[in-house]
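S.K.: Structure in structure tokens, see below.
The values are calculated or read from the model by the stated rules, or taken from the named source; none is laboratory data. The model shown is predicted, which means the values in this text are computed figures rather than measured ones. For neighbour counting, all protein chains shown are included, and Cβ atoms are generated from backbone atoms with ideal geometry for every residue, glycine included. Side chains are part of the model used for accessible areas, which takes the heavy atoms of the whole protein and leaves out ligands, DNA and RNA. Shrake-Rupley method; radii C 1.70, N 1.55, O 1.52, S 1.80 Å.
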Amino acid sequence: GLSTADSQLKLKPFDIVYVRKSPRYEIQKNVAITGEVNYSGTYAIANNTERINNIIERAGGIKPSAYLEGAHLLRQGEKVAIDIQKIIEDPTIEGNLTLVDGDSLFIPKRSELVRIFGAVLNPSMVNYSKSFRYNDYLSQAGGYEERAIKRKVYVSNANGYTQRTRQFLFFRIYPKISPGATIYVPAKPVDTNKSDITGPVLLSFTSTLIIALITLLR
């Protein structure tokens, strides 16, 4: 603050006043937490060591309706996959990230749907079932299209983790499906050089061969 003498000082034209920044002053840094917590909103980061579990505690904890497997952190517009359940159980794990300005933590409600789209006959939103495996959801979507690349099917989980199909010898191991997941079946590119009359021409040629064969056998 100003001393008594400083406060009585009268400024004159062309005087220059310097206002120095306090060495202890820092611009306020904020983090948002939304979804299934008791007090969602924007909170000022208390210090440079504040982590995910701290902001959850300040938000009053998580509601029973929360789907922890679907929680994720947005940092600079990018989704960061996190495991909230493990963070709550053990805040000392590496996944309990230190918060930075602009972070946004979202904890969703449990989703009962699974989306399957891409090279399938009937892209669908399907009810999640614990007993369902990948092939069950594929059947609900009508099966594969002709151009489907089966070995490259991948699943994006609600928390941001992506799992891809793995190959073991002659077997394909498809990802486990969780509530709120999205299944994507990629497709081979359309061959624009292929003529549309190829099919009819081959059919006509085959028919001619069959007729000739029948004639010879008589």
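S.K.: So which residues in the stretch 92-121 are open to solvent by 50 Å² or more (accessible area, probe 1.4 Å) and out of contact with any strand residue (DSSP E or B) (no Cβ under 9 Å at 6 or more places or on another chain), if there are any at all?
M.R.: Across the stretch 92-121, the qualifying residues are Thr92, Ile93, Glu94.
Residue by residue, here is whether (1) touching a residue at least 40 places away in the same chain (Cβ under 8 Å); (2) under 22 Å from the mean Cα position of the chain (by Cα) holds:
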| position | (1), (2) |
| --- | --- |
| Gly41 | no, yes |
| Asn47 | no, no |
| Arg51 | yes, yes |
| Ala59 | no, no |
| Ser65 | yes, yes |
| Leu68 | no, yes |
| Ala71 | yes, yes |
| Gly77 | no, yes |
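S.K.: Taking Gly102 and the conditions (1) in contact (Cβ under 8 Å) with a residue 40 or more places away in the chain; (2) touching a helix residue (DSSP H, G or I) at 6+ places or on another chain (Cβ under 7 Å), which numbered condition does it fall short on, given that it satisfies the others?
M.R.: Failing condition for Gly102: (2).
S.K.: In the stretch 1-30, what count of residues is obtained for those that are modelled with pLDDT under 75 and outside any loop (DSSP other than H, G, I, E, B)?
M.R.: 4
S.K.: Which one of these is acidic (Asp, Glu) and surrounded by 15 or more Cβ atoms within 10 Å (Cβ to Cβ): Glu57, Glu89, Glu78, Glu50?
M.R.: Glu50
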